[in-house]
Amino acid sequence: MIAHLLALTIIASSTPLEVVKNGNAEAQKIAAAPDAQEKLAARADDFLDFGELARRALGKDWERLKPAQQADFAQTMKVLLRASYASKAQTEGKGKLVTEYGKEKVDGNEAVVGTTLVMNNDRFPVDYKLYRRDEKSPWKIYDVVTDTVSLVEAYQDQFKVLINNKGIDGLLSTLKAKREKLEKKLADAKQADVAAVGVK
């Protein structure tokens, strides 16, 4: 219990730059493990705020949702984003990538950490946007901007198209269908892994 409280205190006192560094270091450490995607998805909540990403990606339409719909939307996006993050982090972790860290810029409860991703002779600017609910809350990443392309804005564009074509309920139904498909795929993969171990 004491160790858990100490860990929470350390996380809460971390600066935006430390959160990004620790998150990347954790991802690289786990990436080589046999069950890397599952472990990465489980640890992602320590430094990523999927709920905040979902809220900002939906923009003004967020307020149109009832509280139950907001919770459902945030949870569905969390499942999808966790899987997407884990897959991407595992792929990058196996490559010869080097991250160069710049300075952090803090403005109240918003922050930006600039980095450069180096692969062979190519360099890609990657900015991490972070948010904390108040001064006592931990900093967490809610957006990643790769070479001027924002993850939040990319989702905003997709959501606008779906809302225009199907409405809010149609958007929720589409995302939930993707979530169910993903969860089934992950469950099947896990069952296959267990069966393979049993054969050995």
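Electrostatic bookkeeping for residue 19 treats Lys and Arg as +1 and Asp and Glu as -1; over the other residues with beta carbon under 12 Å from its beta carbon, the sum is -1.
With Cβ to Cβ distances under 14 Å as the rule, what net charge do the other residues near residue 62 carry (K, R +1; D, E -1)? With Lys, Arg at +1 and Asp, Glu at -1, the net is +2.
Provide the net charge surrounding residue 143, with neighbours chosen by a C-beta distance below 11 Å and charges set as Lys +1, Arg +1, Asp -1, Glu -1. Neighbourhood net charge equals -2.
Are any of the pairs 29/185; 78/185; 66/129 more than 22 Å apart by Cα-Cα distance, and if so, which?
Numbers: 29/185 25 Å; 78/185 16 Å; 66/129 27 Å.
Beyond 22 Å: 29/185; 66/129.
Where a number appears in this text, it was derived from the coordinates with a stated rule and is not lab data. Predicted model, so just to flag it, every value in this text is computed and none were measured. Ideal geometry is used to build each Cβ from the backbone, glycine not excepted, and the neighbour counts take in all protein chains shown.
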